[in-house]
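Everything below concerns the one structure shown next.
The values are calculated or read from the model by the stated rules, or taken from the named source; none is laboratory data. Since this is a predicted model, take the numbers as computed values, not measurements. Note: ideal-geometry Cβ built from the backbone for every residue, glycine included; neighbour counts use all protein chains shown.
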């Protein structure tokens, strides 16, 4: 019986080791593929948070969440004349059995043309709808019911946020699904909550973020 237990424990350890090795190999391949993509986009590549663009982030919704926050696979430089950073961002919430790791790929664009109020946009869930019954803020637009159904929008300067989310921008956002945006001052973040983009998806995410920038620039110029 004791021998059986020892063998079982050894098999479990070997299984864990194989899983860890495969996970490490997957991450190495991902990092290599993103480094190639960065070169194709004309961006510098950093494996960690030593990129000059990363931070400070204290006022942005995503970076207010959780603990043990880490940056990885950072691409930094200029795209179409705009300062850009693309990176994997992770953090932890909860403890014990409720401990959860969150991972997402984030595109951040920074432009002197922007002067945004701080806002946070994310998909609206059932708990957000219930929270509204108790005064939880959600900035809705009667002219764009589909946007208001799909997304939760919050911001301290509500009137300024409403100006930022003009009719054309709202119509554009109605055509999207699962998007999260955090904005303020001269930059904004574009990502899908708790989703790491594949290297092939990163290029599309950057293109989509640039489309958002077009709308936000129009607001600024107005």
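Against the definition (at pLDDT below 95, closer than 30 Å to residue 48 by Cβ and part of a loop (DSSP other than H, G, I, E, B)), how does residue 135 come out, yes or no? No.
Of all the criteria given as (1) under 18 Å from residue 88 (Cα atoms); (2) in contact with a helix residue (DSSP H, G or I) (Cβ under 7 Å, 6 or more places away or on another chain), the one not satisfied by residue 215 is (1). Could you list all residues from the range 55-77 that are surrounded by 12 or more Cβ atoms within 10 Å (Cβ to Cβ) and either in a strand (DSSP E or B) or on the phi > 0 side of the Ramachandran plot (or both)? Passing the criteria: 66, 69, 70, 71, 72, 73, 74, 75, 76, 77. Just to be sure before I move on: is residue 145 at pLDDT below 95 and under 21 Å from residue 112 (Cα atoms) in the structure I sent? No.
Specify the residue that is nearest to the chain's Cα centre (by Cα); the eligible residues are those in the range 80-100 that are in a strand (DSSP E or B) and surrounded by fewer than 19 Cβ atoms within 10 Å (Cβ to Cβ).
The first filter runs over the range 80-100 and keeps only residues in a strand (DSSP E or B), leaving 82-93, 100.
Still in the list and also surrounded by fewer than 19 Cβ atoms within 10 Å (Cβ to Cβ): 82-83, 90-93, 100.
Values: 82: 18, 83: 17, 90: 10, 91: 12, 92: 15, 93: 16, 100: 17 Å.
Step by step, filter the range 80-100, then rank; the result is 90.
In this structure, is residue 51 at pLDDT below 90 and surrounded by 10 or more Cβ atoms within 10 Å (Cβ to Cβ)? Yes; evaluated as a whole, the condition is true for this residue.
Note on the range 142-219: enclosed helices (runs of 4 or more DSSP H) holding 2 or more residues that are touching a residue at least 24 places away in the same chain (Cβ under 8 Å) and touching a strand residue (DSSP E or B) at 6+ places or on another chain (Cβ under 7 Å) are 158-164.
Given the condition part of a loop (DSSP other than H, G, I, E, B), at pLDDT below 95, more than 28 Å from residue 202 (Cβ to Cβ) and in contact with a strand residue (DSSP E or B) (Cβ under 6 Å, 6 or more places away or on another chain), answer yes or no: does some residue in the range 111-130 qualify? Show your work before the answer.
Here is the first cut: in the range 111-130, the ones part of a loop (DSSP other than H, G, I, E, B) are 111-115, 124-125.
Going one step further and asking which of them are at pLDDT below 95, we end up with 111-115, 124-125.
After this cut, where a residue has to be more than 28 Å from residue 202 (Cβ to Cβ) as well, the list is none.
No, the range 111-130 has no match at all.
Only a single item in (1) surrounded by fewer than 18 Cβ atoms within 10 Å (Cβ to Cβ); (2) at pLDDT 95 or above is not met by residue 105, and it is number (1).
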